[in-house]
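Undergrad: I have a structure I would like to understand better, so I am pasting it below and will then ask my questions one at a time.
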Amino acid sequence: MSLRFGIDLGGTKIEIIALNNHGHTLLRERVPTPQGDYAATVQTILHLIYRAEQQLGRPDTVGIGVPGAISPATGLIKNANSVCLIGQPLDRDLSVALQRPVKLSNDANCFALSEAVDGAGAGAEIVFGVILGTGTGGGVVVRQRVLTGMNAIAGEWGHNPLPWPRPEELPGPPCYCGKPGCIETFLSGPGLSRDFQTATGKILTPKEIDSFAKAGDTDAHACLERYADRLARGLASVINILDPNVIVLGGGVSNLDYLYTRVPQLWQHYVFSDRVDTLLKPAIHGDSSGVRGAAWLVVENGEGMAENDKNHTLD
């Protein structure tokens with residue numbers, strides 16, 4: 001039986017999953033992420049793997065999903081919101097300790113891969129995976145292979161400006177990347193809450209805004225309508241470039257049912273086509289998609305390897 005481990009390294013938790021070759025979960029465990037401590041983070045990951053090995057045996061492959069990417073220029077982690085990872089050779093450190101190759105990819109790529117392999121995008125040629133949570137991440141999977149890109153930033157749609165901005169949307173909220181008006185500042189969960197607060201003076205979570213809208217609150221409904229139109233514009237720009245079969249939404253904001261009917265209605269106005277057949281779907285595996293995708297980073301016979309080995313090779 002083929003056995004693969006996936007690790008999802010998040011800002012608050014580290015999770016391990018073990019899958020067989022049919023995608024069935026054999027083991028799953030979560031522990032807190034050591035805050036601001038790279039060495040402790042590495043040791044925590046290793047201890048999770050060692051414990052899993054004691055129960056199940058040595059895996060065929062180990063994949064890691066991280067909130068960042070490997071720089072093709074240096075081989076070190078970049079663009080990580082867990083700043084202790086930045087500038088570190090995480091995959092090499094784990095590979096040396098485990099004495100086997102370790103595949104590492106962005107957590108949004110892992111999410112997209114999971115949903116493309118056996119989730120909402122299963123069987124589709126091109127899948128764009130979107131995480132709408134504290135940030136706005138994205139990953140591209142073509143024929144069950146993650147597109148990493150020359151600069152290891154493929155799918156980072158959240159750090160483009162909001163397309164077709166309205167006058168009241170300019171210059172846009174400041175983004176942590178240093179530029180104003182990024183898609184992420186509008187479409188993240190905090191961005192949705194900030195929009196409602198700006199319009200009403202009230203502070204609500206996205207879930208509360210949705211509940212108020214369903215109860216007939218006109219301010220909440222108007223806020224969701226603004227959000228849906230902004231999401232439609234952002235995804236239309238992706239469709240115009242990538243033309244995916246399926247767009248899969250994950251993260252906390254993806255739980256708003258309103259989006260799956262309204263956004264496809266709205267993106268018809270922005271996509272450069274007479275008809276838009278792209279499907280918009282919620283993730284099937286929910287918050288398990290990231291860790292499952294990490295486990296799928298390498299599949300049998302070398303097919304479906306998510307990282308571009310020409311850009312980064314483990315010794």
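The values are calculated or read from the model by the stated rules, or taken from the named source; none is laboratory data. Here the structure is a predicted model, which means the values were calculated and not measured. Here Cβ is always computed from backbone atoms with ideal geometry, including for glycine, and neighbour counts include all displayed protein chains.
Undergrad: When the residues of region 193-233 are narrowed to those that are part of a helix (DSSP H, G or I) and among the β-branched types (Val, Ile, Thr), which ends up surrounded by the most Cβ atoms within 10 Å (Cβ to Cβ)? Can you show your working first?
TA: Of all residues in region 193-233, those part of a helix (DSSP H, G or I) come to 193-200, 206-214, 218-233.
This time we only want the ones that are among the β-branched types (Val, Ile, Thr), so: 198, 200, 209, 218.
Numbers: Thr198: 11, Thr200: 16, Ile209: 25, Thr218: 9.
That would be Ile209.
Undergrad: Could you tell me whether Gly137 is crowded, with 22+ Cβ neighbours inside 10 Å, modelled with pLDDT of 95 or more and assigned by TED's automatic domain parsing to the domain that holds Ala236?
TA: Details: crowded, with 22+ Cβ neighbours inside 10 Å: yes; modelled with pLDDT of 95 or more: no; assigned by TED's automatic domain parsing to the domain that holds Ala236: yes.
So Gly137 does not fit the description; no.
Undergrad: Quick check: is even one residue across region 78-93 of a type outside the set (Phe, Trp, Tyr), in a strand (DSSP E or B) and within 19 Å of the chain's Cα centre (by Cα)? Full working, then the answer.
TA: From region 78-93, those of a type outside the set (Phe, Trp, Tyr) are 78-93; that's our starting set.
Of the ones still in play, those that are also in a strand (DSSP E or B) are 78.
Keeping just the survivors that are within 19 Å of the chain's Cα centre (by Cα) gives 78.
Within region 78-93 (the criterion being of a type outside the set (Phe, Trp, Tyr), in a strand (DSSP E or B) and within 19 Å of the chain's Cα centre (by Cα)), the answer is yes, since at least one residue qualifies.
Undergrad: Moving to a separate point now. Going by the structure shown, is Glu307 modelled with pLDDT of 95 or more and touching a Lys or Arg at 6+ places or on another chain (Cβ under 8 Å)? Please lay out each step first, then the result.
TA: Numbers: modelled with pLDDT of 95 or more: no; touching a Lys or Arg at 6+ places or on another chain (Cβ under 8 Å): yes.
For Glu307, the condition - modelled with pLDDT of 95 or more and touching a Lys or Arg at 6+ places or on another chain (Cβ under 8 Å) - is not met.
Undergrad: Please determine, by comparing only the residues of region 45-103 that are polar (S, T, N, Q) and more than 20 Å from Thr12 (Cβ to Cβ), which one is surrounded by the most Cβ atoms within 10 Å (Cβ to Cβ).
TA: The qualifying residue surrounded by the most Cβ atoms within 10 Å (Cβ to Cβ) is Thr61.
Undergrad: Related question: Pick from region 145-192 the residues that are of a type in the set (S, T, N, Q) and surrounded by fewer than 20 Cβ atoms within 10 Å (Cβ to Cβ): which of them is farthest from Leu249 (Cα to Cα)? Walk me through how you get there before you give the answer.
TA: Initial filter on region 145-192 (of a type in the set (S, T, N, Q)): 148, 151, 160, 185, 188.
Those left that are additionally surrounded by fewer than 20 Cβ atoms within 10 Å (Cβ to Cβ): 151, 160.
On the way: Asn151: 24, Asn160: 18 Å.
Result: Asn151.
Undergrad: Sticking with this one: Residues in region 130-162 that are assigned to a loop (DSSP other than H, G, I, E, B) and either within 10 Å of the chain's Cα centre (by Cα) or closer than 18 Å to Gly293 by Cβ (or both): how many? Even if it seems obvious, please write down each step before you answer.
TA: Applying the first criterion (assigned to a loop (DSSP other than H, G, I, E, B)) to region 130-162 yields 133-135, 143-144, 147-156, 160, 162.
Within this subset, residues satisfying the condition of being either within 10 Å of the chain's Cα centre (by Cα) or closer than 18 Å to Gly293 by Cβ (or both) are 133, 135, 143-144, 147-149, 152-156.
Here the count works out to 12.
Undergrad: Show the residue pairs that are 6+ apart or on different chains and have beta-carbon atoms under 8 Å apart, the first residue being within region 180-197 and at negative phi and among the aliphatic types (A, V, I, L, M), the second being assigned to a strand (DSSP E or B) and surrounded by fewer than 24 Cβ atoms within 10 Å (Cβ to Cβ).
TA: Ile183/Pro161
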